[in-house]
Amino acid sequence: MKLDTALSKKLGLKYPFVSAPMFIISNKEMIVAAAEAGILGCMPSLNARTAEKLREDLTWIRQRTDRPFGINITIGLTKPERVEEDMALSIEFDVPVILTSYGNPTALVKQAHEHKRLVFHDVITLAHGKKAVAAGVDGIIAVSSGAGGHAGRISPFVLVPWLKEELKVPILAAGCISDGRQVVASLSLGAELCYIGTRFIASTECGA
């Protein structure tokens, strides 16, 4: 089985993996290490506790890699002015992928598309997925049972192919992916990228 997909090729990744954005744990060092290894390194914008710190982190990242990476903006958990600041910084520093969650991504999708950036949105149900597609997102993150953080309750064996069939946009599989067996299973179910978090807690770059 080839470890590439249409979406991994579009992003210029060596492997169809995402180093999942984990609160406090993911950081600028993990992003660079992941990016240089050929996968999509990500972190929540709020891991930089202020917008000024996020600017410092993005400057540091851009000095060390020209590979793709992502910033996760947690809409409903973030003050509106901070959402605006984080999005503006992501545009300024040419972040190619914006990951959105906990809210309506419509406004961020509009901004991202004006600057030719991609937006992937967390969902745990088909209803959420339909709303996100209507908002114009470029991909859906299927946050299944077993995912870290605020996980869904539906098995990845059900959620990933269900969303793939119903939504007709690229699906990223999140939840219960720890080694090659789950990667192969996720790709077989129709996922185009595999969200992996727990494995990267063991990395030397990890903020934990």
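Filtering the stretch 194-208 to residues that are in contact with a strand residue (DSSP E or B) (Cβ under 8 Å, 6 or more places away or on another chain) and within 13 Å of Pro21 (Cβ to Cβ) leaves Tyr195, Ile196, Gly197, Phe200. Pairing each residue of the stretch 75-90 that is open to solvent by less than 20 Å² (accessible area, probe 1.4 Å) and modelled with pLDDT of 95 or more with any residue that is outside any loop (DSSP other than H, G, I, E, B) and basic (Lys, Arg), provided the two are 6+ apart or on different chains, yields C-beta distances under 8 Å for Leu89/Arg55. The C-beta contact set for the stretch 101-113 (first residue farther than 15 Å from Glu81 by Cα, second residue assigned to a helix (DSSP H, G or I) and open to solvent by 70 Å² or more (accessible area, probe 1.4 Å), distance under 8 angstrom, 6+ apart or interchain) comprises Tyr102/Leu77; Asn104/Lys131. Within the stretch 105-127, being part of a strand (DSSP E or B) and either at pLDDT below 95 or open to solvent by 20 Å² or more (accessible area, probe 1.4 Å) (or both) holds for Leu118, Asp122. Of the residues that sit in the stretch 128-150 and are within 14 Å of Leu193 (Cα to Cα) and of a type in the set (A, V, I, L, M), which one is surrounded by the fewest Cβ atoms within 10 Å (Cβ to Cβ)? The extreme case among them is Ile140.
Condition check ((1) more than 29 Å from Glu92 (Cα to Cα); (2) in contact (Cβ under 8 Å) with a residue 12 or more places away in the chain; (3) among the aliphatic types (A, V, I, L, M); (4) out of contact with any helix residue (DSSP H, G or I) (no Cβ under 9 Å at 6 or more places or on another chain)) across all residues:
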position	(1), (2), (3), (4)
Gly136	no, yes, no, no
Leu163	yes, yes, yes, no
Leu172	no, yes, yes, no
Ala202	yes, no, yes, yes
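Looking across the stretch 1-59 at every residue that is part of a loop (DSSP other than H, G, I, E, B) and free of Cβ contacts under 8 Å to residues at least 24 places away in the same chain, the one that is nearest to Ala174 (Cα to Cα) is identified as Asp4.
Within the stretch 156-169, does at least one residue satisfy the condition of being modelled with pLDDT under 95, more than 14 Å from the chain's Cα centre (by Cα) and at positive phi?
First, pick out the residues of the stretch 156-169 that are modelled with pLDDT under 95: 168.
Those left that are additionally more than 14 Å from the chain's Cα centre (by Cα): 168.
So of that shortlist, the ones also at positive phi come out as 168.
Yes: one or more hits.
The values are calculated or read from the model by the stated rules, or taken from the named source; none is laboratory data. The structure displayed is predicted, hence computed values, not measured ones. In this analysis, Cβ positions are derived from the backbone assuming ideal geometry, glycine residues included, and neighbour counts consider all displayed protein chains. Side chains are part of the model used for accessible areas, which takes the heavy atoms of the whole protein and leaves out ligands, DNA and RNA. Shrake-Rupley method; radii C 1.70, N 1.55, O 1.52, S 1.80 Å.
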